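K.L.:
Got a structure for you, written out below as structure tokens; questions coming shortly.
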Amino acid sequence: MIRVAHLTVKYGAIAALTDVSFEVRPGSITAVLGANGAGKTTLLRTISSLMTPSQGEIFLGDTALVGQKTEDIARLGVAHVPEGRGVVAEFTVEENLRLGALSSPENSAHAVAAQFERFPVLAQRRKQYAATLSGGERQMLALARALVARPTVLLLDEPSLGLSPMVTADIMTTISTLSREEKLTVVLVEQNAKSALRIADHAVVLHVGTVVADAPAGDVANNDDLKRFYLGLVK
Amino acid sequence: MLRPNFHRLPTTSRWIVILGVTATALGFTFTFNAGLNAQIASGAAISIVVLGLTWLTGWSGQISLGNSGFMACGGYFVGVWANHHAATPLVISLLFATAAGALGGLILAVPATRLRGPYLAGATLAFATVTSSLVYVFGNWTGGPTSQLFLNSLTTPSWFARMFSGIQASLNSSAQYGADLAICVAAIAFLFMSNLFHSRLGRAMTLVRDNDVSAELMGINLRRTRTIAFVIAAALGGLGGGLQTLLNGSVTPGSFPLTISITLLTLMVLGGIGTLTGAVLGGLIFAVSSNVINWLCSTAGISSTSNLGTNMQGIVFSVLLMTTMLIAPQGISGNIVRGYRHLMQRFTSKIDNSPA
């Protein structure tokens, strides 16, 4: 379980997150929604310790994450797929996947083979350079690479960014299947609220750095005010 | 940017290529005169340093203008040590030079891994300046600013002479032995680095260079990885410097000037940044550069002792660097690979289009 308690994060004098608190249940998908500048990416970056909060705590089970190094948090089983995917363009698909095993004691060959089994499209392109993959394939690769280290928590930052609705639907289905089959705890940051709510169990809606809703995904999906004022889903 | 991918070849293929190139180079030393062999030896020593630089800059994304400092660490350690322990075996001397360079790299890495871009370049340049100043500070050992530390000159071991006595009676020529030795040491360095480029560490370096945030998120310790990159590059710098000292039979404060750092950078760019082939080509260019420059000077009627003549190497390398950046930013090795791919594409498309 991830517990975020009274988190405040600032860029200089400007607060990106103010007193944010919520919980993510193990094995669930929690969608973090909101408009541009709501603080979604900042939240994920703070959980991974890429940013230091000025106040508040984050717990993974009983382990406090604030103050830990990013690489140590990764070793605790938190995999973060950043916005833009972060795949190495000049590496092949297979080499990119092997990057995922760098900090893991796991046998990288087995872990990579398991991902090829899970993502057949990547297996077909194993010797292809990442630079030549489509946006959807790159996102699959980033997802697969994060899974190589067998994480327990997956932080996904805008996985649908720049993808067509069809590919987005595929990616969301994959995330949902992963969470169900692997009992993965997923924190899904998305601008595409409709797609995210379709697969999420729970939703946290941020607005200018504060939590305006923390409720089951179904409730958020049925709340016209939230959809109209914060998610832009109802005209 | 997709770079030439020699390091992607399977281990056996990489070893066969490196050993094949080594055997060919060794074969050539039997036909070269003493002068050319001395140049080849010097080129091989420089290629080891360029290899370190290409690892540091091309692979881990850290620029260094301090490689003359690493060379000085290795070169002076060998020189000072040989003055007190003349009977030290060659291999031990070279290992000491490597360790001295690595230690220099470790010292520099402490501040350098916190810096990026021009600040890093400045810090490494400062290291090279400080290293050359240390020669004066530790004058009791190094002999100070004007002295020259002499080593026992390289003599061909009897077993080596016996082994090749049937091929060439005059193998005892120290120039050829020096060239053979330098080529073999370079081959070992290239074999080691070809494996390192291919290893987990090599992949981690690339990720740190391309996307350090992703690297951290993958659980990679950025400072440790960058420090390792510095230490390895510096160790190779020390090895190259030590080898150069052994080949020259002496070391002076002018042996590793600051300008050699710029020359190394130029050689790396000319050969191709981040590639093993580029480092070999860099060494080769260095080996033949003095001949070309002498020819240029004599053709243009410039005295080699004149102001222009003595600065000709810097001028030629600067022009080459700018030309390469303009017309072939991937260096010679990158262009060879691009040309080869282009030819293969044309060839395969011709086959595809030919009537059945």
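Please treat every number below as a calculation from the coordinates, not as lab data. None of these values were measured; they are calculated from a predicted model. Don't worry about glycine lacking a Cβ; one is built from the backbone with ideal geometry, like all the others, and counts go over all protein chains shown.
K.L.:
Are there trypsin sites (Lys or Arg not before Pro) in the stretch A:141-215 that DSSP marks as loop and that have at most 15 other Cβ atoms within 10 Å, and which are they? Can you show the working numbers first?
P.N.:
On the way: sites: A:145, A:180, A:183, A:194, A:198; in loops: A:183.
Counting only loop positions with at most 15 other Cβ atoms within 10 Å, the trypsin sites (Lys or Arg not before Pro) in the stretch A:141-215 are A:183.
K.L.:
Just check the stretch B:5-286 against the gyration tensor rule for me: Cα atoms, a ≥ b ≥ c as the square roots of the eigenvalues, rounded for a/c under 1.5, and otherwise prolate or oblate depending on whether a/b exceeds b/c. Walk me through the numbers on the way to the answer.
P.N.:
On the way: a/c = 2.12, a/b = 1.25, b/c = 1.70.
Because a/c hits 1.5 or more and a/b fails to exceed b/c, the stretch B:5-286 counts as oblate.
K.L.:
Once a ≥ b ≥ c are taken as the square roots of the eigenvalues of the Cα gyration tensor of the stretch A:71-134, is the result rounded (a/c under 1.5), prolate (a/b larger than b/c) or oblate (a/b not larger than b/c)?
P.N.:
Details: a/c = 2.02, a/b = 1.34, b/c = 1.51.
It comes out oblate by the Cα gyration axes.
K.L.:
Also, I was wondering about something else. Taking springs between alpha-carbon atoms closer than 10 angstrom, which of B:30, B:192, B:230 fluctuates most in the Gaussian network model of chain B?
P.N.:
Checking each option, the largest mean-square fluctuation is seen for B:192.
K.L.:
Using a/c under 1.5 as the rounded threshold, could you call the stretch B:282-348 rounded, prolate or oblate? The axes a ≥ b ≥ c are square roots of the C-alpha gyration tensor eigenvalues, and prolate needs a/b larger than b/c, oblate otherwise.
P.N.:
Working: a/c = 3.42, a/b = 2.80, b/c = 1.22.
Prolate shape, in that a/c is at least 1.5 and a/b is the bigger ratio.
K.L.:
While we're looking at this one, here's another question. Give the order of B:340, B:76 when sorted by the count of other beta carbons within 10 angstrom, beginning with the fewest.
P.N.:
So the residues, fewest neighbours to most, are B:340, B:76.
K.L.:
Considering only B:333, B:158, B:199, give the residue with the highest GNM mean-square fluctuation for chain B, with springs between Cα atoms whenever their separation is below 10 Å.
P.N.:
So, out of B:333, B:158, B:199, the one fluctuating most is B:158.
K.L.:
Relative contact order for chain B using alpha-carbon pairs under 8 Å, separation at least 6, rounded to a whole percent?
P.N.:
Working: 551 pairs, mean separation 115.7, N = 356.
Dividing the mean separation by the residue count of chain B yields 33 percent.
K.L.:
For a 22 Å ceiling on Cα separation, which of these pairs sit above it: A:40/A:227; A:10/A:227; A:69/A:127?
P.N.:
Details: A:40/A:227 17 Å; A:10/A:227 27 Å; A:69/A:127 33 Å.
Exceeds cut-off: A:10/A:227; A:69/A:127.
K.L.:
Counting other beta carbons within 10 Å of each residue's own, what order do B:73, B:297 fall into, fewest first? Intermediate values should be presented prior to the final figure.
P.N.:
Details: B:73 31, B:297 18.
Listed from fewest to most nearby Cβ atoms, that is B:297, B:73.
K.L.:
Could you work out the helix-only [θ] at 222 nm for chain B, with each DSSP H run of four or more residues adding -39,500 (n - 2.57) and the total divided by the number of residues, to the nearest 500 deg cm²/dmol? List each step's numbers first, then the result.
P.N.:
Numbers: 16 runs with 260 residues, N = 356.
For chain B, the value works out to -24500 deg cm²/dmol.
K.L.:
Under the definition of Cα pairs under 8 Å and six or more residues apart, what whole-number percent is the relative contact order of chain A? Before the final figure, lay out each step's value.
P.N.:
Working: 473 pairs, mean separation 64.9, N = 235.
Across chain A, relative contact order equals 28 percent.
K.L.:
For chain A, set up a GNM with springs between Cα atoms under 10 Å and report which of A:80, A:202, A:110 has the largest fluctuation.
P.N.:
Result for chain A, Cα springs under 10 Å: A:110 fluctuates most.
K.L.:
Another question, if that's okay. Which residue, A:114, A:66, A:103, has the largest displacement toward the positive end of the dipole of the stretch A:1-120 when charges sit on each Cβ (Lys, Arg +1; Asp, Glu -1)?
P.N.:
A:66
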